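Engineer: Have a look at the structure that comes next, please.
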Amino acid sequence: MNMTAVCLTPVFPLRTLKGMDVHFTPDVEAKLNALATATGRAADEFVQDALAGYLEELAQVRSMLDSRYDDIKSGQVKPIDGEAFFERLRQREEALLKKKPSPQ
């Protein structure tokens with residue numbers, strides 16, 4: 001029986017991720033190594049998990065800021081002056097403190 005191998009998917013050069021060197025300060029590296037030793041997990045797993053979490057959070061913040069910016073640009077939300085906001089906040093706090101009975 002004569003069989004011929006046929007590739008069903010086109011052959012493209014695959015992009016592969018290469019290793020990356022990450023440099024830490026000695027104190028951060030010591031903490032990372034201590035955590036790895038204490039838990040039995042590899043230090044690179046902690047770095048991978050931490051970075052993945054950071055990037056996810058960064059994407060969420062970016063999405064929220066983009067959405068808020070779009071709301072301001074469209075006129076759905078009116079921007080407020082930061083100084084005026086904090087002045088009103090300070091005044092409200094002072095008014096609440098004046099209403100609060102003093103401890104005796």
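Engineer: Modelling each spin label as a point 7 Å along the Cα-to-Cβ direction, I'd like the residue 45/residue 22 distance in nm, to one decimal.
Structural biologist: With each label placed 7 Å out from Cα toward Cβ, I get 1.5 nm.
Engineer: While we're on this one: Between residue 92 and residue 61, what is the label-to-label distance in nm when each label sits 7 Å out along the Cα-to-Cβ direction?
Structural biologist: 2.5 nm
Engineer: Cut-off under 18 Å on the C-alpha distance; same-chain residues fewer than 8 positions from residue 73 excluded. Which aspartates and glutamates are left, in chain and number order?
Structural biologist: Partners within reach: 81.
Engineer: While we're looking at this one, here's another question. What spacing in nm lies between the two simple spin-label points modelled at residue 35 and residue 84, each 7 Å away from Cα in the Cβ direction?
Structural biologist: Once both label points are built, they end up 4.5 nm from each other.
Engineer: OK, next. Would you mind ranking 85, 46 so that the residue whose beta carbon has the fewest other beta carbons within 10 Å leads the list?
Structural biologist: Neighbour counts put them in this order, fewest first: 85, 46.
Engineer: Also, quick follow-up: I need the shape label for segment 37-97. Rule: rounded when a/c is under 1.5, else prolate if a/b > b/c, else oblate, with a, b, c from the alpha carbon gyration tensor.
Structural biologist: It is oblate, given that a/c is not under 1.5 and a/b is not larger than b/c.
Engineer: Now, a different point. Could you tell me which of 63, 85, 74 has its Cα farthest along the dipole of segment 53-104 towards the positive end, charges placed at Cβ (Lys, Arg +1; Asp, Glu -1), taken about the Cα centre?
Structural biologist: Going by the charge dipole, the pick is 85.
Engineer: Which one of 38, 54, 97 is farthest out on the positive end of the charge dipole of segment 37-97, using unit charges on Cβ (Lys, Arg +1; Asp, Glu -1) and the Cα centre as origin?
Structural biologist: Positive-most Cα among the choices belongs to 97.
Read-outs throughout are calculated quantities, based only on the coordinates presented, and are distinct from any laboratory measurement. Remember, it's a predicted structure, so these values are computed and weren't measured experimentally. Every residue, glycine among them, receives a Cβ derived from its backbone with ideal geometry; neighbour counts consider all protein chains shown.
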